[in-house]
Each structure stands twice: as C-alpha cells, then as structure tokens.
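Reading through the structure tokens given below for one structure.
The values are calculated or read from the model by the stated rules, or taken from the named source; none is laboratory data. Everything numeric here is computed off the predicted structure, so don't read it as measured data. Glycine gets a Cβ as well: all are built from the backbone with ideal geometry, and neighbour counts include every protein chain shown. The accessibility values were calculated without ligands, DNA or RNA, using every heavy atom of the protein model including side chains. Shrake-Rupley method; radii C 1.70, N 1.55, O 1.52, S 1.80 Å.
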Amino acid sequence: MNVQTANPIAEAYRRDGFYFPVRAMSAEAAAGYRARLEAHEKANGGPLKSAMRTDVHLLFTWADELIRNEKVLDAVEAVIGPNILCWITNFFIKEPKDGNYVSWHQDATYWGLEPHDQVLTAWLALSDAPVESGAMKFLAGSHKTGLQAHADTFHESNLLSRGQEIQVEVDEADATDVPLKAGEFSLHHVLMTHGSHPNTTDDRRIGLAIRYIPTTVRQTKVRDTAVLVRGVDEYGHFDLLDGPDADMSEKALAVHKDANERLVKALLSGTDETQLRD
C-alpha cells in the first residue's frame with residue numbers, strides 16, 4: 001500500500017489516533033448541505049430516524065457528493081493510501097438540549113472489518129459543533145492499546161447501535177475536545193476511544209461520519225457493500241455500489257434497504273435486536 005508517511009496529517013494520526021480540524025468546504029457550502037437535509041426532514045415530518053440516518057450517501061445525491069469531497073479524500077489518502085472505499089455513513093445529529101450522547105467506545109468493536117487498524121472515520125460538521133454542543137472527545141494514543149472489551153446497554157439516549165460502552169475506566173481529564181466549525185472535519189482511528197456528551201446549546205449539532213477503508217480491507221461477517229470513491233479496487237471484497245440516481249428514488253431506496261440489511265446483520269450479530277437505533 002502506498003501510504004504517505006511523511007505527510008503531517010498521517011504523522012499526527014499515527015501518533016495520536018486522530019487529526020483535526022481540516023476544512024472541507026466553506027461554512028456557506030456546509031449550510032447549503034444542511035439546508036438540503038432539513039428540507040427533506042421538513043417535507044417528511046421531522047428529523048431523520050432509525051436506518052435513514054445510516055448509509056445516507058445511498059439515498060441522497062448531495063450526501064454522495066460529500067463522501068467524494070476532494071479535500072476529505074486527500075486527507076484520507078494521506079493515511080490509508082490511494083485506493084479508497086466508503087464503507088458506510090452515519091448522521092450523528094443531536095437536537096438542542098435533547099439529552100442524547102455517545103458513550104466511550106471504539107468503533108471497531110462490532111464492525112467485522114479486518115484488518116481493522118486500516119479503518120478510519122472522517123467526521124464532517126454540517127453545523128458548528130462547539131464543545132457545548134456535545135463535540136467528540138478523543139483519548140489520545142488509545143488506538144495503540146488494541147481492541148478492548150465492551151458491554152451493550154441499548155440505552156435509549158445513546159446514539160450508538162447497541163449503546164456499547166468500553167469496559168475500561170476513562171478519565172475525562174485526559175481527553176481532547178474536538179470542536180469543529182461548519183465545513184470542517186476530523187479524522188479518527190477505528191480503535192480510538194472516544195465519546196461525546198449531550199448538546200446543551202440552542203442549535204442542532206449535525207455531523208456526518210464517513211467510514212473509509214482501503215480496498216485491501218475485508219468484511220468477516222457478511223458479504224457487504226461499499227462505494228469506490230478514489231483509485232481502483234483489485235480485491236473485490238465488497239459489492240461495489242454507485243451513487244443514487246436521484247434523491248430517494250425507487251432504485252435508491254431499494255439499494256439502501258439491501259445495504260442496510262447487510263449492515264444490521266453484521267453490527268447486531270449476537271443480539272436479539274433487529275434494527276439500528278435512531
């Protein structure tokens with residue numbers, strides 16, 4: 001794999017397990033994407049729910065644009081190389097003062113991707129995400145400790161699929177706050193211990209988590225899907241998908257349903273749960 005180890009983003013990422021902030025677009029452009037999301041929500045009775053927050057790049061043409069943003073992909077390439085798949089996307093939206101949070105966890109716990117140390121997330125802010133809004137917190141260097149035990153809580157206010165919590169004592173005084181402005185993004189390692197508190201502000205905190213992998217990574221639980229966003233795929237570990245032909249088209253909905261069913265099977269294997277949380 002042709003990884004650019006001299007790149008300062010890659011150097012900081014390997015040392016700390018994360019890097020931020022990087023600007024993907026202007027605040028005005030981010031506001032435009034937010035407006036398209038919220039226009040859909042307004043037309044459909046309220047905030048995106050359940051599986052509709054997952055794999056949004058398969059539902060909306062504007063979300064497909066976001067996973068192909070050149071500045072995001074340049075930063076990702078600096079870490080994992082030039083042949084890049086977008087595995088999944090997740091909207092993490094915290095409404096004003098709603099109490100939702102993300103428990104301390106590692107992303108790799110239930111994903112089934114190997115080798116998992118080549119998986120990263122680009123978290124793109126479509127609204128300002130100050131500390132008070134429940135910005136992410138990272139525990140620097142924790143990506144070097146390996147995969148830790150987790151317990152499932154399925155807590156109704158936890159935004160994670162299983163409400164999973166890492167079974168290691170985390171001292172928040174050691175954590176780094178990761179505030180972002182609209183249009184900025186952060187990168188974090190799949191083994192990074194991270195979490196976030198509730199949104200205490202009067203505005204929504206809207207972030208799109210884009211999960212990128214090199215084409216060498218494989219899924220061990222199911223025959224999974226992905227979108228090739230840069231380079232070539234010489235391995236064929238995933239069924240490759242195209243972007244949606246139109247927002248929420250019949251074809252897009254069918255593709256999304258199939259991809260989401262495969263994802264749920266992988267993420268929730270070993271539980272009685274049958275769908276992703278809101």
### Task
Scan the stretch 124-143 and report the pairs whose first residue is closer than 24 Å to Gly32 by Cβ and whose second residue is among the acidic types (Asp, Glu) and open to solvent by 10 Å² or more (accessible area, probe 1.4 Å), with Cβ atoms within less than 6 Å and a gap of 6+ or a chain change.
Ala125/Glu184; Ala135/Asp177
### Message
Would you confirm, using the coordinates I've provided, whether Leu59 is in contact with a helix residue (DSSP H, G or I) (Cβ under 8 Å, 6 or more places away or on another chain), among the hydrophobic types (A, V, I, L, M, F, W, C) and modelled with pLDDT of 95 or more?
### Response
yes
### Query
Mind checking whether some residue in the stretch 117-127 is open to solvent by 30 Å² or more (accessible area, probe 1.4 Å) and more than 20 Å from Asp202 (Cα to Cα)?
yes
### Query
What number goes with the only condition from (1) more than 28 Å from Ser127 (Cα to Cα); (2) assigned to a helix (DSSP H, G or I); (3) in contact (Cβ under 8 Å) with a residue 40 or more places away in the chain that Asp233 does not pass?
(2)
### Message
Just the residues that are among the charged types (D, E, K, R) and buried (at least 24 other Cβ atoms within 10 Å of the Cβ), please, taken from the stretch 77-92.
### Response
none
### Query
Listed residues His256, His237; which is touching a strand residue (DSSP E or B) at 6+ places or on another chain (Cβ under 8 Å), at pLDDT 95 or above and not aromatic (Phe, Trp, Tyr)?
His237
### Message
List the residue pairs whose Cβ atoms are under 9 Å apart, where the first residue sits in the stretch 246-274 and is crowded, with 18+ Cβ neighbours inside 10 Å, the second is modelled with pLDDT of 95 or more and in a helix (DSSP H, G or I), and the two are 6 or more positions apart or on different chains.
### Response
Ala252/Leu58; Ala252/Thr61; Val255/Leu58; His256/Val56; His256/Leu58; Ala259/Leu58; Asn260/Leu58
### Message
Taking the criterion of being touching a Gly at 6+ places or on another chain (Cβ under 8 Å), among the polar types (S, T, N, Q), more than 21 Å from Asp55 (Cα to Cα) and surrounded by 22 or more Cβ atoms within 10 Å (Cβ to Cβ), would at least one residue in the stretch 196-204 satisfy it?
### Response
yes
### Query
So which residues in the stretch 62-76 are crowded, with 21+ Cβ neighbours inside 10 Å and closer than 14 Å to Ala24 by Cβ, if there are any at all?
Ala63, Leu66, Ile67, Val72, Leu73, Ala75, Val76
### Query
How many of the residues making up the stretch 33-61 are β-branched (Val, Ile, Thr) and open to solvent by 20 Å² or more (accessible area, probe 1.4 Å)?
1
### Message
Suppose we filter Gly207, Gly195 for residues that are modelled with pLDDT under 95 and either assigned to a strand (DSSP E or B) or closer than 25 Å to Leu73 by Cα (or both); which single one remains?
### Response
Gly195
